[in-house]
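Chemist: Sending over a structure as structure tokens; questions will come in a sec.
The values are calculated or read from the model by the stated rules, or taken from the named source; none is laboratory data. Computed from a prediction, not measured in an experiment: that's the story for all the values here. No Cβ is skipped: glycine too gets one built from the backbone with ideal geometry, and neighbour counts run over all protein chains shown.
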Ligand code: GTP
Ligand code: MG
């Protein structure tokens, strides 16, 4: 089954949005298979955002992600990578649909509540950055038979 890496950024934890945001993915029907509260160090932050190295927002983004704890998660489900990105909304909350997470809960591109992998390949890379294989769990979830045939 497809997996994605989602991370609640420091603003989500500081603003008390953890339950709110996790609840959206739970209610959609996706399965939580990995979860931890962590403090990101510089090496991990730079590796995470390496595609943006050289851009003006790279250093502030790295600094920000290290500034306070984050919630790292792995979610599983059909087309979860693309659907989670839709649920998150546009990178800049000013352009995000108000029904999306960023549209509902954020105002500024540098404080946009959540990170989500942008492709299946990115998801595999990011999951392995943040999680050891044994930290991703396999289990049957009650009610799965009510979500799809
Ligand atoms: P993530 O899920 O966080 O990776 O967002 P994204 O994939 O929608 O955006 P992208 O990977 O292009 O950028 C990563 C993060 O860098 C964004 O979530 C923003 O917080 C930040 N960022 C991107 N573009 C800008 C920008 O133009 N200005 C500022 N200040 N931050 C930016
Ligand atoms: Mg991105």
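Chemist: In segment 1-36, how many are loosely packed, with under 12 Cβ neighbours inside 10 Å and within 21 Å of residue 102 (Cβ to Cβ)?
Modeler: Quick first cut of segment 1-36, residues loosely packed, with under 12 Cβ neighbours inside 10 Å only: 1, 16, 19, 23, 27.
Remaining after also requiring within 21 Å of residue 102 (Cβ to Cβ): 16, 19, 23, 27.
The qualifying residues number 4.
Chemist: Quick check: is even one residue across segment 109-126 away from ligand 1 (no atom under 13 Å from the Cβ) and touching a strand residue (DSSP E or B) at 6+ places or on another chain (Cβ under 9 Å)?
Modeler: yes
Chemist: Could you grab me the full set of residues in segment 17-47 that are in contact with a strand residue (DSSP E or B) (Cβ under 9 Å, 6 or more places away or on another chain), away from ligand 1 (no atom under 16 Å from the Cβ) and without any contact (Cβ under 8 Å) to a residue 40 or more places away in the chain?
Modeler: 26, 35, 37, 39
Chemist: Still on this structure, please answer the following. What residue, of 126, 149, 121, 145, is farther than 14 Å from residue 6 by Cβ, within 14 Å of ligand 2 (Cβ to nearest atom) and not in a strand (DSSP E or B)?
Modeler: Working: 126 fails: farther than 14 Å from residue 6 by Cβ; 149 fails: within 14 Å of ligand 2 (Cβ to nearest atom); 145 fails: within 14 Å of ligand 2 (Cβ to nearest atom).
Of 126, 149, 121, 145, the one residue that is farther than 14 Å from residue 6 by Cβ, within 14 Å of ligand 2 (Cβ to nearest atom) and not in a strand (DSSP E or B) is 121.
Chemist: Among the residues that make up segment 110-117, is at least one of them in a loop (DSSP other than H, G, I, E, B), within 16 Å of ligand 2 (Cβ to nearest atom), modelled with pLDDT of 95 or more and under 18 Å from residue 75 (Cα atoms)?
Modeler: For segment 110-117, residues in a loop (DSSP other than H, G, I, E, B), within 16 Å of ligand 2 (Cβ to nearest atom), modelled with pLDDT of 95 or more and under 18 Å from residue 75 (Cα atoms): present.
Chemist: Can you give me the number of residues within segment 48-71 that are outside any loop (DSSP other than H, G, I, E, B) and more than 13 Å from ligand 1 (Cβ to nearest atom)?
Modeler: So in segment 48-71, the residues outside any loop (DSSP other than H, G, I, E, B) come out as 48, 50-52, 58-65, 70-71.
From what is left, the residues that are more than 13 Å from ligand 1 (Cβ to nearest atom) are 71.
Residues flagged as outside any loop (DSSP other than H, G, I, E, B) and more than 13 Å from ligand 1 (Cβ to nearest atom) within segment 48-71 amount to 1.
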